[in-house]
Amino acid sequence: MNPQKPVGARVKISKNGPYLVSGGLPLQKETIGTNEADESVKWRKGQQYPAQEEYALCRCGHSANKPYCDGTHAKVGFDGSETASRQPYLEQAQVIRGPTMSLTDVEGLCAFARFCDPRGKVWNLVSETDNPTASKHFVSQTCDCPSGRLVAWDNETGKAIEPAFEPSIALIEDPAQNCSGPIWLRGGVQLIGADGFEYEVRNRVTLCRCGESQNKPFCDGTHASMGFSDSE
């Protein structure tokens with residue numbers, strides 16, 4: 001399930017400072033689209049930022065030049081200590097097996113995008129994957145999970161079912177919750193810790209950008225409860 005590392009595309013975490021992006025990774029906004037019941041049902045592409053070979057993204061949540069770093073982390077005494085597990089995804093995952101597909105779930109990676117909730121929730125849909133309609137919804141809802149907390153697996157082949165992403169970065173916006181969400185790494189971008197540790201390369205990863213996650217460098221959904229805004 002791990003994509004091949006793209007050459008030069010990486011995000012380096014600086015100690016108590018920003019995310020240092022290199023490799024010319026495209027940067028844009030992605031908005032969580034909802035239905036009339038305020039359920040997350042689709043992604044809407046947003047603003048595309050000018051292409052840059054290298055740039056620094058705010059990690060403390062206090063920059064006056066968001067999404068870019070302006071050095072404010074030093075003034076506010078930001079503590080960016082990386083406390084998240086460094087175990088590979090599958091070593092952390094709970095497995096729920098269905099008739100034709102299975103679900104792996106690492107709850108600690110939840111970024112509160114809520115694509116898992118419609119149509120009775122993916123944890124129930126997995127048991128109905130022998131039904132074509134339920135199977136379709138199960139796959140789409142797991143693939144829309146930005147953090148990769150949820151992954152669908154084909155029981156026959158044993159392979160993960162993943163959306164096709166080019167290496168890129170998105171800034172998630174969540175109008176239904178009146179907040180800005182995490183930084184979304186897509187397509188197998190290498191993440192490197194402040195101490196040089198190379199995190200497992202995955203197709204979908206969400207990084208904290210409000211500065212308050214208790215699972216740094218990953219998002220834990222705190223941005224929603226604090227009403228974090230990209231425009232502050």
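The values are calculated or read from the model by the stated rules, or taken from the named source; none is laboratory data. Remember, it's a predicted structure, so these values are computed and weren't measured experimentally. Virtual Cβ from ideal backbone geometry, glycine too; neighbours counted across all protein chains shown.
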Seminar exercise, completed: Across (1) surrounded by 14 or more Cβ atoms within 10 Å (Cβ to Cβ); (2) modelled with pLDDT of 95 or more; (3) among the basic types (K, R), K5 clears everything bar (2)
For this session: Output the residue which, of all residues in segment 24-53 that are free of Cβ contacts under 8 Å to residues at least 60 places away in the same chain and surrounded by 11 or more Cβ atoms within 10 Å (Cβ to Cβ), is nearest to Q190 (Cα to Cα).
Result: G24
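Here is a list: T129, T142. Which entry is among the β-branched types (V, I, T), out of contact with any Phe, Trp or Tyr (no Cβ under 7 Å at 6 or more places or on another chain) and within 15 Å of G98 (Cα to Cα)? Even if it seems obvious, please write down each step before you answer.
Numbers: T129 fails: out of contact with any Phe, Trp or Tyr (no Cβ under 7 Å at 6 or more places or on another chain).
Being among the β-branched types (V, I, T), out of contact with any Phe, Trp or Tyr (no Cβ under 7 Å at 6 or more places or on another chain) and within 15 Å of G98 (Cα to Cα) holds for just one of T129, T142, which is T142.
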Exercise. What number goes with the only condition from (1) within 18 Å of the chain's Cα centre (by Cα); (2) assigned to a loop (DSSP other than H, G, I, E, B) that K42 does not pass?
Worked result: (2)
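Looking at segment 189-198 only, could you name the residues that are in a loop (DSSP other than H, G, I, E, B) and either of a type in the set (D, E, K, R) or buried (at least 20 other Cβ atoms within 10 Å of the Cβ) (or both)? Spell out how you get there, then give the answer.
The initial filter retains those residues of segment 189-198 that are in a loop (DSSP other than H, G, I, E, B), namely 189, 193-197.
Residues satisfying the conditions are V189, D195.
Of the residues that make up segment 178-185, is at least one assigned by TED's automatic domain parsing to the domain that holds V95, closer than 24 Å to P118 by Cβ and either modelled with pLDDT under 95 or in a strand (DSSP E or B) (or both)? Reasoning before the result, please.
In the first step, residues of segment 178-185 are kept if they are assigned by TED's automatic domain parsing to the domain that holds V95; the result is none.
Looking for residues that are assigned by TED's automatic domain parsing to the domain that holds V95, closer than 24 Å to P118 by Cβ and either modelled with pLDDT under 95 or in a strand (DSSP E or B) (or both), one finds none in segment 178-185, hence no.
Conditions (1) touching a Gly at 6+ places or on another chain (Cβ under 8 Å); (2) assigned by TED's automatic domain parsing to the domain that holds C58; (3) of a type in the set (D, E, K, R), marked per residue:
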residue	(1), (2), (3)
S127	yes, no, no
T133	no, no, no
S147	no, no, no
W153	no, no, no
I169	no, yes, no
L191	no, yes, no
N203	yes, yes, no
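From the list R114, R97, R119, pick out the single residue that is closer than 21 Å to T206 by Cα, at pLDDT 95 or above and not assigned by TED's automatic domain parsing to the domain that holds I183. Full working, then the answer.
Details: R97 fails: closer than 21 Å to T206 by Cα; R119 fails: closer than 21 Å to T206 by Cα.
The unique qualifying residue is R114.
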Problem set entry | Qualifying positions in segment 144-159 - surrounded by fewer than 19 Cβ atoms within 10 Å (Cβ to Cβ) and in contact (Cβ under 8 Å) with a residue 60 or more places away in the chain | K159
Exercise. Quick one: D79 ticks every box in (1) out of contact with any strand residue (DSSP E or B) (no Cβ under 6 Å at 6 or more places or on another chain); (2) buried (at least 18 other Cβ atoms within 10 Å of the Cβ) bar one, so which box is it?
Worked result: (2)
